[in-house]
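Below you'll find the structure, written out as structure tokens, and then a few comments.
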Amino acid sequence: MSTPDALLDQLHSKLAADPRIAAGWLGGSYGRGDADRYSDLDVHLLLAADGGSFRDQSEGWLHALRPLVLYKLLFDGRMINALTADGVRLDLWLYDEAPPVDRAKVRVLFDRAGLLQDQPSPANAPAGDDDKTRAVLRGQIEEFWRCIALLPTVIGRAEWLVAWRGLAVEYDLVLDILLRGNRIVREAGAKKLNQYLPPALRGELEAALNLQGLSRDGLVNAHLALAAMIHRHGPQLAEQWEFDYPAVLEAAVMSYVAEELRLLGVNAAL
């Protein structure tokens with residue numbers, strides 16, 4: 001079975017020998033240096049002045065390197081999304097002009113004419129950032145409790161698929177609240193999260209979503225476990241960021257939900 005590393009070695013050699021490619025560098029986990037055997041390849045290519053044919057011939061070029069089962073040219077020809085027959089995921093970004101690169105986050109493979117420019121270090125965050133974060137956090141917490149208020153509706157109607165989808169929406173809100181509220185910047189792709197959440201918070205989320213089958217009570221208690229997390233962490237984050245926690249909203253929602261679930265005969269962990 002192939003690995004991304006083996007394909008990367010082939011890609012590097014073939015790209016470096018192709019005069020239509022002026023520069024090549026790696027982004028994503030390979031650029032940062034924290035890739036593993038499950039990582040995809042995020043390759044950026046600066047085309048030479050006469051490199052337009054590379055874009056037109058890229059499918060055959062890649063297929064000759066490794067058989068493909070998926071090839072898509074996206075964003076008006078600026079990105080190639082491919083999957084090899086042995087399961088390696090590959091994104092190729094094509095540039096006609098050299099973009100600035102942050103060498104702390106990318107790995108330059110080659111730069112024939114020194115065309116790549118270093119990206120300036122980001123300036124200090126503007127003074128208004130905390131105000132924006134404060135407003136977003138409060139809005140997300142309010143939206144979370146609005147979603148929890150819908151729980152009796154989907155359970156009472158036996159809309160199990162909607163309840164499952166609602167759980168995903170709530171999970172996304174809780175995750176973003178925890179990351180944003182704790183100033184955790186997540187720079188990896190969607191498939192990497194463990195390294196960003198502290199073990200205790202990750203354990204809470206994993207426990208909340210530990211469903212025993214797609215049962216009514218299991219779904220309800222997963223929603224309520226997320227609600228318990230916001231009940232615990234929300235007021236602390238509100239105090240830290242200096243905004244009023246919507247305690248009246250939470251109390252009204254949970255009172256309504258508890259009564260409706262009681263009437264439905266749900267064994268809820270309230």
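The values are calculated or read from the model by the stated rules, or taken from the named source; none is laboratory data. Just so it is clear, the structure is predicted and the values come from calculations on it, not from any experiment. Please note: Cβ atoms are built from the backbone with ideal geometry, for glycine as well, and neighbour counts cover all protein chains shown.
Summary of values
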| item | result |
| --- | --- |
| Yes/no for Asn267 being of a type in the set (S, T, N, Q), surrounded by fewer than 13 Cβ atoms within 10 Å (Cβ to Cβ) and touching a residue at least 12 places away in the same chain (Cβ under 8 Å) | yes |
| Residue, farthest from Ala268 (Cα to Cα), within region 212-224, restricted to residues that are in contact (Cβ under 8 Å) with a residue 12 or more places away in the chain and surrounded by fewer than 18 Cβ atoms within 10 Å (Cβ to Cβ) | Leu214 |
| Search result, residues across region 161-211 that are of a type in the set (Val, Ile, Thr), farther than 20 Å from Gly28 by Cα and either at pLDDT 80 or above or crowded, with 18+ Cβ neighbours inside 10 Å (or both) | Val169, Val174, Ile177 |
| Exclusive hit being closer than 22 Å to Glu187 by Cβ and either hydrophobic (A, V, I, L, M, F, W, C) or within 22 Å of the chain's Cα centre (by Cα) (or both), set Ala113, Ala104, Ala98, Ala85 | Ala104 |
| Yes/no for Glu242 being out of contact with any Leu (no Cβ under 6 Å at 6 or more places or on another chain), touching a residue at least 40 places away in the same chain (Cβ under 8 Å), surrounded by fewer than 15 Cβ atoms within 10 Å (Cβ to Cβ) and within 30 Å of Gly31 (Cα to Cα) | no |
| Residue check, Arg89 surrounded by fewer than 18 Cβ atoms within 10 Å (Cβ to Cβ), in contact (Cβ under 8 Å) with a residue 40 or more places away in the chain and out of contact with any Lys or Arg (no Cβ under 8 Å at 6 or more places or on another chain) | yes |
| Pairs where the first residue, in region 40-65, is surrounded by fewer than 12 Cβ atoms within 10 Å (Cβ to Cβ) and the second is among the hydrophobic types (A, V, I, L, M, F, W, C), C-beta under 9 Å, 6+ apart | Ala49/Ala22 |
| Positions within region 69-81 being of a type in the set (A, V, I, L, M, F, W, C), surrounded by 15 or more Cβ atoms within 10 Å (Cβ to Cβ) and either farther than 17 Å from Leu8 by Cβ or at pLDDT below 95 (or both), in sequence order | Leu73 |
| Subset of region 4-17 that is surrounded by fewer than 14 Cβ atoms within 10 Å (Cβ to Cβ) and out of contact with any strand residue (DSSP E or B) (no Cβ under 9 Å at 6 or more places or on another chain) - its residue that is modelled with the lowest pLDDT | Ala6 |
| Failed item, numbered, when Val248 is tested on (1) within 29 Å of Asp130 (Cβ to Cβ); (2) at pLDDT below 95 | (2) |
